[in-house]
Amino acid sequence: MSLEHLISAEELAERCNQDGEFRIASRFWRGGLRMVMGEQELAISVENGVASGAAATHPEGAITLSGPLELWAPLLSMVPPRILNDLAPLLEFGMNLEGSMVVYAQYYPAIMRVIELLRPENPDARPRVSEAGTTPRFDTPVGRYIHLDLGGYDHRIYFEEAGQGIPLLLQHTAGCHGSQWRHLFEVSEITDRFRLIAYDLPFHGKSVPPVGKRWWTEEYRLTGEFVRSVPVALAKALKLEDPVFMGCSVGGLLALDLALHYPDVFSAVISLEGALKIDPAGEEQLHLLWHPQVSNEFKARLMNGLMSPTSPEPYRKETSQVYASGWPPVFLGDLQYYTKEFDLTDKAHEIDTDKVGVHILNGEYDFSGSMELGKIAHEAIKGSSWAVMDGLGHFPMSEDPGRFVEYLLPVLDKIAESRT
């Protein structure tokens, strides 16, 4: 392994100063970044968004990253491999960080942009987006609100729907909302046979908090009992007949949870990035997800590291932007269910796939609901199906919808065939 393509500090500073993304992410930063790569070292100083090829003049705002060449070489390669494509997982695998964790979180978007600017340019990278060319005046889905009694309180829930046929409820990821599913609404091969219904959990997107509860006096925490009640209540209120459920991330875990607890409600579930249990790695970073000195840009940029570097950049940026626009406490609160409460390790074998079909899909680049964890879940649930989505990450439906549909259609075909 080598870093033969590594440029000088002066050249790196010039790239940073010519890059709009770095300039925006590093505004107000008075510090710098020092990278120790085995026996090589590279450092830049930053003063309110302007970089120079020198050691930081404000050490209190400086961050040092050090580690062996075995970590830096793949991180700085043209197309980084899974797990080694972002600093977040690398801090769990031997990369050392010196400096304030608050400063690191505040300027993590700028730090990761420096990493990207050190990579060789990928000549094959191009915006593979479906919106290329003329788009229709109006998108297909129609949105509306419904009132549901959840936990003894009236909740005003927003949902969008399109299509006809088999009802398919769509659950977004932690801290996000239903816009993640927007691309599927425009795929006629899906909507000709399935009625897609994407909803926002309470406190997410357009589903505002309940009026009758003093929710602002307590920390938001998503529990299994509550999150399971939402799609069940929605399916009942909409009078859906044998609906199918598909969720991603926290929704992917929920899919397996519903298969266990509500096989009489759902005829099949599709678990994207599913697992039997998610270990709460990176606790030192997680507490910064809701911190008075750290903005939502930190969590937004963290999500980019969960995506495949080969997914179209416009869609990756859109996925991150949605995270940046969420209510600050909600992402960390959703992790209560995702990393602490959910655990089907000893119960997965109880899922009866003769009653409810179970399909698990995991993205290659997802280091949270990894393909290794998905395989374990598949092996524990007799009669389930499982596949790895090559070249996709944690948000397949929004980061690269075209490629995702290629993996989803065979699953939907199987579900449709089971109805006949």
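Angle check, please: helix 313-324 long axis (alpha carbons) against the longest principal axis of the chain (alpha carbons), in degrees 0 to 90, nearest 10. So the inclination is approximately 80 degrees. Of the residues 247, 32, 383, the one that moves most in a GNM of the chain with alpha-carbon contacts below 10 Å is 383. For the chain, adding -39500 (n - 2.57) for each run of n ≥ 4 DSSP H residues and dividing by the number of residues yields -9000 deg cm²/dmol at 222 nm. Farthest towards the positive end of the charge dipole of the chain, among the residues 173, 230, 345, is the Cα of 230, using unit charges on the Cβ of Lys, Arg, Asp and Glu. By the count of neighbouring beta-carbon atoms within 10 Å, fewest first, 368, 271, 8, 52 end up ordered 8, 52, 368, 271.
Net length available on complete extension from residue 390 to residue 21 is 130.0 nm, with 0.36 nm assigned per residue and the Cα-Cα distance removed.
Take every Cα pair under 8 Å whose residues are at least 6 apart in sequence, average their separation, divide by the length of the chain, and the relative contact order is 14 percent. The C-alpha atoms of the chain occupy a region whose extents along the principal axes are 66, 50, 47 Å, arranged from largest to smallest. Counting other Cβ atoms within 10 Å as a rough exposure proxy, the listed residues 248, 16 run 16, 248 from fewest neighbours to most.
Only one residue of 203, 261, 401 has its Cα farthest out toward the positive end of the dipole of region 142-419, where Lys and Arg carry +1 and Asp and Glu -1 on Cβ, and that residue is 203. From the Kirkwood radius over Cα pairs of region 102-243, Stokes-Einstein at 25 °C and 0.890 mPa s returns a whole-number translational diffusion coefficient of 135 µm²/s. Indicate, rounded to the nearest 5 percent, the antiparallel portion of the DSSP beta bridges found entirely in the chain. Percentage antiparallel, nearest 5: 50. Rounded to the nearest whole Hz, the Karplus-based 3J(HN,Hα) values (6.51 cos²θ - 1.76 cosθ + 1.60, θ = phi - 60°) of region 211-220 follow the sequence 6, x, 10, 7, 5, 6, 9, 9, 6, 6, with x at glycine and proline.
Within the listed set 338, 323, 145, the Gaussian network model of the chain (springs between alpha-carbon atoms below 10 Å) gives the highest mean-square fluctuation for 145.
Quick note: the coordinates plus some simple rules give every number you see, no bench work behind them. What you see is a predicted model, and the numbers here were worked out from it, not measured in a lab. Note that each Cβ is placed from the backbone with ideal geometry, even for glycine, and that neighbours are counted across all protein chains shown.
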